[in-house]
Amino acid sequence: MNKKDKGPAPLKPQPKSEPRMTRMAAAGGISVIGGSIPRPSASSAQSAAEKSCPKNKNLGLSSITPTLRKLLTTLSSLPDQASRRNYIDCHPRVVCPAIVEQIADAVREDVRVDVIRAMALSEVAVVIAEELHDDESVARALRAKGNVLWVKGQCKRAVRLLERAVGLFQKAGNWSEVGRTLSTSIQPLALLGEYERALSAAGRAGEIFKQTGEDLRLARLEINIANVLHRRGHLADALARYERAYKQLLPYKDTEGIGVALHNMAVCLISLNDFHRAVETYETAQKFCQQHGMPLLVDQANYNIAHLHYLRGDYGRALEILRRTRETWRDNSDTYHWALCNLDESEIYLELNLIEEGEELAREAARQFEQQNLSYESMKALTNVAIAISRNGDASGALKCFAQARRKAIAEKNPVWPRLIDLYRALVLLDQGQLSKTQRLATTALNFFSSYPLPGKAATCHLLLARVGLQAGNLKDAHRNCSMALEQLRNLDAPMMVYQARLVTGQVQEAEGNFEAAHNSYQAARLALERLRSSLRGEEIKIAFMKDRQEVYERLIQLCLLRLPDPGAAEEAFLYMEEAKSRSLRELLFSRLRAFSSSDSESEEFGPRLRDLRQELNWYYGRIEAEQWSRETIRPEKIQWLQAEARIRENEFQHVLREHSLNVVDRRLEISSTLTTEKIRDALQDETTLVEYFRVRDRLVATAFSRGGLQIFPLCLWSRVKHSLRSLRFQLSRVRLHLKTSVLSERSFLQATQAYLKDLYEEVVAPLRRSLQGCHLIFVPHDILHGLPFHALYDGTHYLIDSFTISYAPSASIYTLCHARQANNSGPSLILGVPDAQTPHILDEVQSVAAAVPWRELFVGSEASLDVLKKKGPESRVVHIATHGYFRQDNPLFSGIRLGDSYLNLYDLYRLHLPVQLLTLSGCSTGLNAVAGGDELLGLIRGLLYAGAQSLIVTLWDVADSSTAKLMERFYRLMQQHGKARALQAAMLEIREEYPHPYYWAPFVLIGKVFSQ
């Protein structure tokens, strides 16, 4: 959903907190529910109590002889029907009813542990039973195979086999086995949406068990009936049945039944938002299952614990557990639970703003469920697809997808889901400005959820209605709904909902003019957001999470502006700016936590695949470049194919790193790394002013910070800055396109560029010009301003660089960290150059730079390799790299530079150690970044700072080869006497005499530490 600047940020209904049913195959017919959207599953094993029950003649695996164990191992290893029949022909003694019964018992045990082995044994049982021509033996074999099939997600096939088994047991007059088989059929029928048939089977089984006096099986039957009720949304009734079954099973010491009942009770408690009891019950269930050797039930408990972590805002822990359980179920060919993990992960990724990844997983889950004919689960996956579509701004497509999901929900006769989908539809309509339709849907949903024990859903309805009231100007109604939402959330552990509620409440209070109350609400929202963010693992996830969550900081800064000229207001606003800017990068530098360390990258699980992908990408990048620079006819279709193949590997590379990041935890990141104003002031030299910009809704704000004090300035409309900067970029691109013409003598090019530089000067510098004290300026840009050459801004007579030395920083805290960073005080200047026919002056550049520095090591062409940078860089004082740079707007994390033997991108820089005083990348666009949520810079600057460099020189656009070579020679020659900032200023002024247009002298920016301590 498109959230632009149209009032409050959209709410997201707390996603499907009704748990999912997970499964274990059942001969006795009980099922496990779990996950974010409940769904029962059958337990495979006969309980210990049932084994000792006089009515039951089956043998468990605990009682099998070594001879039988060896036989089962042999039978399970037979790969196909032909080999099975051949074995039976050669060993006719296995063709007997007792062997079929023993194999069926083994299947019931193995389906909890090894689904592949269980399937093989069930196939053997069917072959032997058919040789016997004995109805009961065939029925046992078919039931065993049906159990395995529905665990594997093949419910239709399972139901057909179970129905055949029921008929054969009836024909044989074995009513106890009829009841057991009917009980087993309940779960696959429910998964197929055949609820009436499932309840009919339950009723028949119950009557049989009453007649035969099998109380244990009646208790286990209660669990399966409760699963059907749970699936249909009757949560309180389901919980009552689970609790009754648990009490009835205790005297029998039925370990599996007790474990399943505990598990399903916990799932119900999550649905009913009783998180405290849910945690206690899950921990009891998990411990119980571990003690009694039920590993798949442990996995299912872990799976649901993952969802509990998600609901409580611990996204990193949830994703980590889901990854482990998904791998277990994938290895066991359990497509049902594998699909459930995909569904849950998609939900979490959507919450984290990883929209593309979330949609991909949701579509994959929908495909998997459709293949298994599971309409209920596919409906939920389709809902997630619709959410992803809406988040990408396609309201029409989202509403169509929601309508399709809602039809499925109605067909399932589930009362909860149609209303939940209505809430999602209402969010889309609210963003479209359709207030009356939104209000109608939200009110109807509220009436329903108020009568259900689902306070989280009711709170979402109230918040949606509060937003409607806010946009309609009905503040009294909005205030009332906010209060009711907060009351509903008071006893819930749901930090994302609390964040949303506090934010909307603050917006209503601000609209009412109650600024103090609004400030308190925004502070509460900020703290809730901090709590959520502190649990995230991996910087990609952290960056994405903050994408649409800057509003609380903007609102707090806006309230500070209303308090001016209160001197404390400016400092408070500055700290909010810092807290919201480049947070993930700051934490990387603050903690030195590696995205993946050298040792980690060599790990058995991830290292080999990462290395293979990196080598494959180098090959594709080389082929793409060769095709683009070919002197023969350029083949666009070949280039497109190579780029598509490279993107596939880039996506996999990022996926592997994201999975790995879930294992990396550093508790220091739970502490804010925003530095105090005192520490930042201490890092500022005399005669230095730090100017930091921030966007507050539709306006630009700036602070001027020096040792003499801190001031804040509301500036122009953001739209004006965007327009002027876009026009400036167009003028610079005109120069690049005309490099081989007489552009140097064309004053019209220079005058047009100066006009936009003057407009930008008037908008972002002139209002605070008198506060720019001293002779050095440090600019901390925001958003698109990271691409603005502030040093080239023009007042009509002079450029800013004429009056000041100028440097840049991603944030004031990052500048302070760079200023305090240790670097090599001695060592050579490592100079790498990769010239080619397109950039012949690179060789002149590196040779002139080498001549300008006292101690140098020069490597050119193929010798300028990644290995040289790894070995020589850590001991160098300065690193200068002259080569082709390329900025990837489509995937900025793969922006890079070409070395003599490979391509160096952000991920490679994360693995380098370069504690140098200065690192220069003089190639094209090496300083360009994509600016993500939270003003995070995604590009080479991020990796270079992380690698350890104190300061950087990079470029904001594609540079001219010859003028760059001359500027770099002058810079390094002057740096020995004047330091980095003054040397760069002097080099620019000198080159400007020969190349007056800013295109030639202004692309270079100095970032990080400038002065010696």
Over segment 261-339, with neighbouring protein chains present, the accessible area per residue in Å² at probe 1.4 Å is 31
Environment charge of ALA266, counting only residues whose C-beta is closer than 11 Å and scoring Lys/Arg +1, Asp/Glu -1: -2
Lys, Arg +1 and Asp, Glu -1 on Cβ, resulting dipole of the chain about Cα centre, debye, nearest 20: 1660
Please name whichever of ALA129, CYS155, ALA106 sits farthest to the positive end of the charge dipole of segment 105-168, dipole taken about the Cα centre and charges placed at Cβ: Lys and Arg +1, Asp and Glu -1. CYS155
Using R₀ = 35 Å, calculate the FRET efficiency as 1/(1 + (r/R₀)^6) where r is the Cβ-Cβ separation of LEU562 and SER534; round to 0.05. 0.75
Using a ≥ b ≥ c from the Cα gyration tensor of segment 414-492 (square roots of the eigenvalues), is it rounded, prolate or oblate, where a/c under 1.5 gives rounded and otherwise the larger of a/b and b/c decides, a/b for prolate? oblate
Viscosity 1.306 mPa s, temperature 10 °C: give me the Stokes-Einstein translational D for segment 677-806 in µm²/s, with Rh taken as the Kirkwood radius over C-alpha pairs. 101
Accessible-area composition of segment 414-492, carbon plus sulfur, in percent [1.4 Å probe]: 48
14 Å beta-carbon shell around ASP759, net charge (K/R +1, D/E -1): +2
Beyond 17 Å, what share of the Cα-Cα pairs of segment 313-405 is found? Please give it as a whole percent. 49
What is the distance in Å between the Cα centroid of segment 227-271 and that of segment 765-821? 64
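Please find the FRET efficiency linking VAL113 to GLN81, where r is the Cβ-Cβ separation and R0 is fixed at 25 Å, and quote it to the nearest 0.05.
Details: r = 24 Å, r/R0 = 0.96.
Calculated value: 0.55.
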Dipole magnitude (debye, nearest 20) for segment 810-903, charges at Cβ of Lys, Arg, Asp, Glu: 360
Computed over the chain, the relative contact order (Cα-Cα under 8 Å, seq sep at least six) in percent reads 8
Placing +1 on the Cβ of each Lys and Arg and -1 on the Cβ of each Asp and Glu in segment 66-305, which of GLY193, CYS268, THR67 has its Cα farthest towards the positive end of the resulting dipole? GLY193
By the scheme Lys and Arg +1, Asp and Glu -1, what is the net charge of all other residues having a beta-carbon under 10 Å from that of ALA987? +3
Placing +1 on the Cβ of each Lys and Arg and -1 on the Cβ of each Asp and Glu in the chain, which of SER748, LEU832, LEU928 has its Cα farthest towards the positive end of the resulting dipole? LEU928
Suppose R0 equals 41 Å; then what is the FRET efficiency for ASP682 and HIS723 from their Cβ-Cβ distance, rounded to the nearest 0.05? 0.60
In what sequence, highest mean first, do 237-245, 504-512, 381-389 appear when ranked by Cβ atoms within 10 angstrom? 381-389, 504-512, 237-245
Which entries of LYS210/LYS408; LYS171/LYS210; LYS70/LYS156 show an alpha-carbon separation above 26 angstrom in the structure shown? LYS210/LYS408; LYS70/LYS156
Net length gained if the chain between PHE1011 and GLN471 were fully extended (0.36 nm per residue, minus Cα distance): 189.3 nm
Separation in nanometres of the label points that stand 7 Å from Cα toward Cβ, at GLN523 and SER200: 6.4
So for the chain, using the alpha carbon gyration tensor with a ≥ b ≥ c as root eigenvalues (a/c under 1.5 gives rounded; past that, a/b versus b/c decides prolate or oblate), I'd call it prolate
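Subtract the Cα-Cα distance of ARG277 and GLU243 from 0.36 nm times their separation in residues, and report this length gain in nm to one decimal.
Working: separation 34, 0.36 × 34 = 12.24 nm, distance 1.30 nm.
Gain in length upon complete extension: 10.9 nm.
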Can you tell me the order of 365-378, 135-148, 404-417, 114-127 when each peptide is scored by its average per-residue count of other Cβ atoms within 10 angstrom, highest first? 135-148, 114-127, 365-378, 404-417
Let me cross-check ARG563: its accessible surface, 1.4 Å probe, with only protein heavy atoms counted, in Å² to the nearest 10? 90
Once you order the gyration tensor axes a ≥ b ≥ c over the Cα atoms, which shape class does segment 252-313 get: rounded for a/c under 1.5, otherwise prolate or oblate by comparing a/b with b/c? prolate
Checking rank on 939-945, 356-362, with mean other Cβ inside 10 Å and highest first, the result is 939-945, 356-362
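The values are calculated or read from the model by the stated rules, or taken from the named source; none is laboratory data. What you are looking at is a predicted structure, and each value in this text was computed from that prediction instead of being measured. Quick reminder, even Gly has a Cβ in these numbers, built from the backbone with ideal geometry, and neighbours come from all protein chains shown. Heads up: the accessible areas ignore ligands, DNA and RNA and are worked out on the full protein's heavy atoms, side chains in. Shrake-Rupley method; radii C 1.70, N 1.55, O 1.52, S 1.80 Å.
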